[in-house]
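A.B. asks: Before I ask anything, here is the structure I am working with.
The values are calculated or read from the model by the stated rules, or taken from the named source; none is laboratory data. Everything numeric here is computed off the predicted structure, so don't read it as measured data. No Cβ is skipped: glycine too gets one built from the backbone with ideal geometry, and neighbour counts run over all protein chains shown. Heads up: the accessible areas ignore ligands, DNA and RNA and are worked out on the full protein's heavy atoms, side chains in. Shrake-Rupley method; radii C 1.70, N 1.55, O 1.52, S 1.80 Å.
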Amino acid sequence: MTWELVEGTFGGLLIVVVLVKIIRYVLRPPEGLFVPGHHLSADGARLARRLAAQYDAQSPAFRILAALLSQRNAAIGRRGEKWTSAPPVVDPATHWDGWREILGRRDRLARRLVRDVSFSIGIKDLTYGGPRTIHLWEPDVPAWADRLEPAPRTAAFEILNRTHPRRRSERLIDPRTGILALRHGRTVLAIFPRSHPNP
């Protein structure tokens, strides 16, 4: 076998592989582009399906997850899934209760979902306001900081972790107000629970 024949055979195989990839790309199922700020990512949708399977269909948490999945599928034009109906209307009280339930969970699945929601959609739908940086040397802050207690790693802390993902910080909670905080040196990063459901 001559070198020219080997080159020709290899080149022909390469062309076939490229053509197969192009055909697969053209014939793939249609799915709209992922647009941050509008709906869950593909990974977030997988997490939401897994979490929804753990809840009763009437629970507030399930209804929140069903709404997220329906919104994503409507946005990307996905069909053939049980979440393809029009996004269900979730009243403010159910929205509030559902997110409080999910944010209070300590498992990795809930933490990953909250992280995806905070990055792909934002935290506006969650039941906490945006993170605020508090310096321990500010007036009246030391007295407040003294009443903070160690807190378990709930999914709500992912709202704070998105701001400082690589810092090793102490997780804290204010037992009186429900404020969650990460203390790092002389700085506290805190999120404040909203006082009522979103309108």
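A.B. asks: In the set L51, L68, which member is touching a Leu at 6+ places or on another chain (Cβ under 6 Å) and at pLDDT below 95?
C.D. replies: L68
A.B. asks: Follow-up question, since we're still on this one. Does I134 qualify as being part of a helix (DSSP H, G or I), open to solvent by less than 70 Å² (accessible area, probe 1.4 Å) and among the hydrophobic types (A, V, I, L, M, F, W, C)?
C.D. replies: no
A.B. asks: With the condition kept exactly as written, say whether any residue in the stretch 133-156 is under 30 Å from A67 (Cβ atoms), among the charged types (D, E, K, R) and at pLDDT below 90.
C.D. replies: No, the conditions are met nowhere in the stretch 133-156.
A.B. asks: Right, another one. Those residues that are within 16 Å of T177 (Cβ to Cβ) and of a type in the set (G, A, S), I need them from the stretch 102-129; list them, please.
C.D. replies: Matches in the stretch 102-129: G104, G129.
A.B. asks: Considering P29, P87, P36, which residue is modelled with pLDDT under 70 and crowded, with 16+ Cβ neighbours inside 10 Å?
C.D. replies: From the options P29, P87, P36, the qualifying one is P87.
A.B. asks: Could you check, for the stretch 114-129, whether at least one of its residues is farther than 24 Å from Q54 by Cβ, part of a loop (DSSP other than H, G, I, E, B), in contact with a Phe, Trp or Tyr (Cβ under 9 Å, 6 or more places away or on another chain) and open to solvent by less than 80 Å² (accessible area, probe 1.4 Å)?
C.D. replies: Scanning the stretch 114-129, I find at least one residue that is farther than 24 Å from Q54 by Cβ, part of a loop (DSSP other than H, G, I, E, B), in contact with a Phe, Trp or Tyr (Cβ under 9 Å, 6 or more places away or on another chain) and open to solvent by less than 80 Å² (accessible area, probe 1.4 Å), so the answer is yes.
A.B. asks: Within the stretch 173-190, work out how many residues are within 23 Å of the chain's Cα centre (by Cα) and in a loop (DSSP other than H, G, I, E, B).
C.D. replies: The total comes to 2.
A.B. asks: Could you list, in sequence order, all residues of the stretch 149-163 that are surrounded by fewer than 17 Cβ atoms within 10 Å (Cβ to Cβ), touching a residue at least 24 places away in the same chain (Cβ under 8 Å) and over 15 Å from V117 (Cα atoms)?
C.D. replies: E149, P152, R153
A.B. asks: On the given criteria, is S59 of a type in the set (G, A, S), within 27 Å of E170 (Cα to Cα) and either at pLDDT 85 or above or out of contact with any strand residue (DSSP E or B) (no Cβ under 9 Å at 6 or more places or on another chain) (or both)?
C.D. replies: Criteria not met by S59.
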